[in-house]
Amino acid sequence: MNQLQARKQLLRRQMELSQQLTALETDLQQSHSRDWQEQAQERENDEVLLRIANQTANELLQIQHVLKKLGANTYGTCSNCGEAIGQQRLKALPSAELCIRCANQMH
């Protein structure tokens, strides 16, 4: 995947995630029912929405970091070992910052 394709894909994903995060934040700001049982269910739902919002925000931060790497011409270079990240990996995961070897070592 070349840098132009990666940038387009990352910007498209960034827009999707931004819209999703806005919708999640709107849902989280809604008031709760006065019924205690419904309130308990709504609070559980809020916890799930909050976890999803946090994951979405983290992915947005990662995309912003990768876009900076694109601007600095360091895209496609492993942040850990400095080796090239494989094209297949970048095609599947354009926001990858680690080569497959380093990613496997981290887990």
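Since every read-out is calculated from the coordinates, none of them should be taken as a lab result. Source: prediction; values computed, not measured. Neighbour counts are summed over all protein chains in view; Cβ atoms, including those assigned to glycine, are modelled from backbone coordinates with ideal geometry.
Some observations on this one:
- Residues within the range 7-48 that are within 15 Å of the chain's Cα centre (by Cα) and in contact (Cβ under 8 Å) with a residue 24 or more places away in the chain, tallied: 11
- Of all residues in the range 80-99, one or more are among the small types (Gly, Ala, Ser), within 16 Å of Gln3 (Cβ to Cβ), under 12 Å from the mean Cα position of the chain (by Cα) and surrounded by 12 or more Cβ atoms within 10 Å (Cβ to Cβ).
- From the list Ser79, Ser95, the lone residue that is small (Gly, Ala, Ser) and free of Cβ contacts under 8 Å to residues at least 40 places away in the same chain is Ser79.
- Residue within the range 63-75 that is among the hydroxyl-bearing types (Ser, Thr, Tyr), surrounded by fewer than 15 Cβ atoms within 10 Å (Cβ to Cβ) and more than 26 Å from Cys99 (Cα to Cα) present: no
- For the range 28-49, a residue qualifies if it is exposed (fewer than 14 other Cβ atoms within 10 Å of the Cβ) and under 28 Å from Pro94 (Cβ atoms), and exactly one does: Val48.
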